[in-house]
Amino acid sequence: MVEAAIDNLRKVLELERAKGFADSVVMGGLDAYLRRFSQSRVPLSNRHLTAAIRSLPVGGYASLPSSDRRRWLEGLLAVVDDPSAGTGPSPGVRPKTVASSARPAAGGAKKRARPVAARRAAQTVVQASLDSSITALKGVSRTTLSRFARLGVHTVRDLLFHFPYRYNDFANIRPISQLVVGEEQTVLATVWSAAETTIGRRSKGTEAIVGDETGTLRVIWWGQRYIARQLRSGVQVALSGKVSVYRGQRQMESPEYELVASDDLIHTGRLVPVYPLTKGLWPRVVRRLAREALDNFADSVPDPMPPELKERLHLWSLPYALRQMHYPDSVETAQLARRCLAFQELLIIQLGVLERRRAWQESGRAYPLALSQEALDGFLSSLAFTLTQAQKRVMSEMAADIGREVPMSRLLQGDVGSGKTVVATAGLLAAVASGCQGAMMAPTEILAEQHYRTICALLGDGGEYVLDGGVFKPAYMEKPLRVALLIGSLRGKEKAAAQEAIACGEVDIAIGTHALIQAEVAFPRLGLVVVDEQHRFGVMQRAALRAKGLSPHVLVMTATPIPRTLALTVYGDLDISLIDEMPPGRKVVKTIRALPHERDEVYGFVREEVAKGRQAYIICPLVEESEAIAAKAAVQEYEHLARDVFPDLRLGLVHGRVASAEREAEMRAFRDRDLDILVSTAVVEVGIDVANATIMLVEGADRFGLSQLHQFRGRVGRGEHQSYCILLAENPSQEAQERLGLMETIYDGFRLAEEDLRLRGPGEYFGTRQTGMPDLKVARLSDVDLIEKARAEASRLLEADPSLALPEHRLLERQVSYLWERVTAEVS
């Protein structure tokens, strides 16, 4: 974790240096990024790094002239690269005064021991702040601290924003005589007796008899003997839970209990919060500590919402909303508290994405790009197919954007096979026609090679081209153009030659993976960047490619349909184009669920299709533990199928651990019909196009999400023959059965995406944490009205105060910077 954070710091500093120390790399400036970095635990592990960051003057990095920025940044980079050196920033920057955090020993030069209570009291005073460790709260041991850490809770502030996900309604208080069997209710009673006892044959626990003026009640707690020591005879106790009947007598089994010392109950007699937990962390502990944090620190939480906005929208103050979120007075106040906190959370996200959009558009002038109508008509007429109306519409939207000096930032989404690459190719041709270079970056070598082949075929009148690359002279272009592939697996000489050709401007269109953003690659005149499957890239990778050019136009392509709410949040900084029409003549891929006992029948059907000259994919079950384990499972499945099921057929195998060259050879063999069946892990999701493949058999289909299953299904049905997607699930849960049922009935990728988001949430929807989307603590992506209201208010605020510099907006600006630094905000 520390290494990753320092590596991220190094990348930010190197980008800042590459952009001429303009303080334009991170939204909010480098000072905001360093504030967040300093609040992490990383600097505490290295005093030289801490001293180097603190050596800035009071005005921070932004106040330094360019020469001093360079000296300071180079010095900090030296410390980052060699933490033990302690060289610090170069001279010329006056360090600011930093108050020492060291505490002098009690009693002057000679240390004297203090009473334990006094030491603890002093420690509490020192730690009593929102950013203190939760050990500042009573009874938090190292063990408890480590358990909270698994939930991402380290500080008091974290705990205040660790919200319950539901409530137990224990507000229904009844006398014992009116208790109803089977209902959740609360009783206030006096303990008559409580003792450890053996319940049943072996289990030990606590048995108590309690009573009020209307009757008595037996209460038992399984396996919790310690409760007997807390329930002394004569004390008042509140008990909340379901009532059952045992041998004709009413009783409660393992209810929540609480000694009634005041009217302010925590565990019973009210709406009781239910928090996310982890192994070893008990609900009562979380509730107690959350209440202590609220009582002592809630009023210290700064409220970033401007007073005018709160008054106009009738929003509660943040401290009050926090109290009602954790311990609501009623169901209604809990709902109102959630909406208030959700709106604030969404407003900060919307401010971030809109600022990110503006920062990109104002980051510099882009080269205006244009493809003459004559050249465009020539390109389109050379194609072996006719564009759909959706493709023509999207092409016009892109042409309008790239024709301006304001850098385009557009998301192109369309289902598998909808023809996004043709649209992107038209944009790349416009870049070349305007004297610029174009770049296309894909997340995997397989997909980069696929794009390379496709673009070469489009430029070569449909011809097939090997991976060596070459020069093309389409009749509709004024000059020849060269397309190059740059991927990590190229041999040293090949890679060096490609890098040199790009740097010299000899390459017009460069296609590759992350190899395109390595330091050795330089683009003299980058006009357009096309990024495919953006959610598979880290933000720093995309930003580094942008930094290769002046301010290139950017087109983001994704085959994963983006639900509307995600389009407003994750991709809120992008204009959106949608290819919502498939090429004519494509047959619907018939989707069928199969049960384990039908496996032999399924295998027989695969064999029948192969006998007709067709081919099949077999996807191995998803293994989440590691790529190595997934590869091992794939090898075992392949060996089983080749030996026991299809010994007379030609099988190939690809998975994430296979060397790129070997994987490419297997896929090429499948494409060239030298293989009948390709056994694969999920790497084939963005793999090759094989028109002759008609069967997609997904093993363990219940382990995949709807969007991923839809991507698999899109691998087949690309030719003239009827294709099939068969979903085999061993023991699907109820939710998985619902998911697989939707696959059988819905073929629209956008409808499936909405359902997938509903069922699994945004993190699992993408299958990665690299969405550029902060975790939503309160808001939900189903809160469409709140998202739209937050976006409207964010636009209004930024229109009136673009930098959020007014006094009433400063706290909001800090929250925006803090949040977007945490998710490694888009670099301008």
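Tabulated results
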item: Residue within segment 697-710 that is at pLDDT 85 or above and on the phi > 0 side of the Ramachandran plot present; result: yes
item: Single condition residue 345 does not satisfy, out of (1) within 26 Å of the chain's Cα centre (by Cα); (2) free of Cβ contacts under 8 Å to residues at least 12 places away in the same chain; result: (2)
item: Matching residues, segment 415-424, being at negative phi and either surrounded by fewer than 20 Cβ atoms within 10 Å (Cβ to Cβ) or touching a Leu at 6+ places or on another chain (Cβ under 9 Å) (or both); result: 420, 421, 422, 423, 424
item: Residue within segment 434-449 that is open to solvent by 20 Å² or more (accessible area, probe 1.4 Å), assigned to a helix (DSSP H, G or I) and in contact with a Leu (Cβ under 8 Å, 6 or more places away or on another chain) present; result: no
item: Residue in segment 301-308 that is assigned to a helix (DSSP H, G or I) and not hydroxyl-bearing (Ser, Thr, Tyr) present; result: yes
item: Any pair with Cβ under 7 angstrom, 6 or more apart, that starts in segment 296-318 at a residue that is over 14 Å from residue 790 (Cβ atoms) and among the basic types (Lys, Arg) and ends at one that is open to solvent by 70 Å² or more (accessible area, probe 1.4 Å) and assigned to a helix (DSSP H, G or I); result: none
item: Residue match in segment 63-71 (condition: at pLDDT 75 or above, assigned to a loop (DSSP other than H, G, I, E, B) and within 26 Å of residue 818 (Cβ to Cβ)); result: yes
item: Top-ranked residue of segment 200-231 - restricted to ones that are open to solvent by 20 Å² or more (accessible area, probe 1.4 Å) and of a type in the set (Val, Ile, Thr), ranked as nearest to residue 174 (Cα to Cα); result: 214
item: Enumeration of residues in segment 327-344 that are in a helix (DSSP H, G or I) and surrounded by fewer than 22 Cβ atoms within 10 Å (Cβ to Cβ); result: 331, 332, 333, 334, 335, 336, 338, 339, 342
item: Residue match in segment 717-724 (condition: polar (S, T, N, Q), surrounded by fewer than 21 Cβ atoms within 10 Å (Cβ to Cβ) and either more than 20 Å from residue 603 (Cβ to Cβ) or at pLDDT 90 or above (or both)); result: yes
item: Condition check for residue 254: small (Gly, Ala, Ser) and open to solvent by less than 40 Å² (accessible area, probe 1.4 Å); result: no
item: Residue satisfying all of: in segment 787-817; outside any helix (DSSP H, G or I), free of Cβ contacts under 8 Å to residues at least 40 places away in the same chain and closer than 14 Å to residue 358 by Cβ; least open to solvent (accessible area, probe 1.4 Å) among these; result: 801
item: Complete set of residues in segment 355-396 that are among the hydroxyl-bearing types (Ser, Thr, Tyr) and crowded, with 17+ Cβ neighbours inside 10 Å; result: 363, 367, 388
item: Residue count, segment 573-607 (criterion: open to solvent by less than 70 Å² (accessible area, probe 1.4 Å) and in a helix (DSSP H, G or I)); result: 8
item: Selection from segment 738-753 of residues that are open to solvent by 10 Å² or more (accessible area, probe 1.4 Å), assigned to a helix (DSSP H, G or I) and either within 14 Å of residue 415 (Cβ to Cβ) or free of Cβ contacts under 8 Å to residues at least 24 places away in the same chain (or both); result: 738, 745, 750, 751
item: Top-ranked residue of segment 397-414 - restricted to ones that are among the charged types (D, E, K, R) and not in a helix (DSSP H, G or I), ranked as surrounded by the fewest Cβ atoms within 10 Å (Cβ to Cβ); result: 405
item: For residue 484: the one exception among (1) of a type in the set (A, V, I, L, M); (2) in contact with a strand residue (DSSP E or B) (Cβ under 7 Å, 6 or more places away or on another chain); (3) more than 21 Å from residue 659 (Cβ to Cβ); (4) part of a helix (DSSP H, G or I); result: (4)
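The values are calculated or read from the model by the stated rules, or taken from the named source; none is laboratory data. Predicted model, so just to flag it, every value in this text is computed and none were measured. Here Cβ is always computed from backbone atoms with ideal geometry, including for glycine, and neighbour counts include all displayed protein chains. Ligands, DNA and RNA are stripped out before the accessible areas are found, and what is left, the full protein with its side chains, is counted by its heavy atoms. Shrake-Rupley method; radii C 1.70, N 1.55, O 1.52, S 1.80 Å.
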